[in-house]
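Below: the structure, in structure tokens.
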Amino acid sequence: MNRYEAEFSNLVKAFRKRHMGKGPSRVLTTFCKNWAICEMEGNLSPVEKFIATAEQGKEMLRAARTGMVKEMYRNNRPVEMEELLGANFVDLFVDIDIDKDLGMSIFIFDQDIEKKFKA
């Protein structure tokens, strides 16, 4: 991870903590073309982990964690990320494995950030 990828990881943690009350404990970011791909560990709160002990709870959490996160970024433009990269945020793809507490977010920008920030 280069300096910009590391800083992007910190911004993801801070953004989620500010808007969800808890951010992931670890974020690893890789820039690939116009994507910032973030692998995240430690996403779930203790209450969410308890809810996940029931199968219906897992389904509910996955739906909430994917849909609500996407909505959060639509309603709260990630200005700090755009300023760091000098690129505009376009879209976000999100998924989470509730059993492993691993999440993946792919942020799409309007420029080739990999080329722009090659180490």
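The values are calculated or read from the model by the stated rules, or taken from the named source; none is laboratory data. Please read these numbers as outputs of a predicted model, since none were measured by experiment. Heads up, the Cβs are rebuilt from the backbone with ideal geometry, glycines too, and the neighbour counts pull from every protein chain shown. Accessible surface is based on the protein model in full, side chains and every heavy atom, while ligands, DNA and RNA are left aside. Shrake-Rupley method; radii C 1.70, N 1.55, O 1.52, S 1.80 Å.
Each semi-axis of the equivalent ellipsoid for the chain is √(5λ) with λ an eigenvalue of the Cα gyration tensor; in descending order they amount to 26, 14, 12 Å.
Between helix 3-20 and the chain there is an angle of about 40 degrees, using the helix long axis and the longest principal axis of the Cα atoms. Relative to the longest principal axis of the Cα atoms of the chain, helix 55-75 runs at roughly 30 degrees. About its Cα centre, the dipole of the chain is roughly 260 debye, where the only charges are +1 on Lys and Arg Cβ and -1 on Asp and Glu Cβ.
With protein chains left intact and a 1.4 Å probe, residues in the stretch 1-97 average 57 Å² of accessible area per residue.
The gain in end-to-end length when the residue 35 to residue 14 segment is fully stretched comes to 5.6 nm, 0.36 nm per residue minus the alpha carbon separation.
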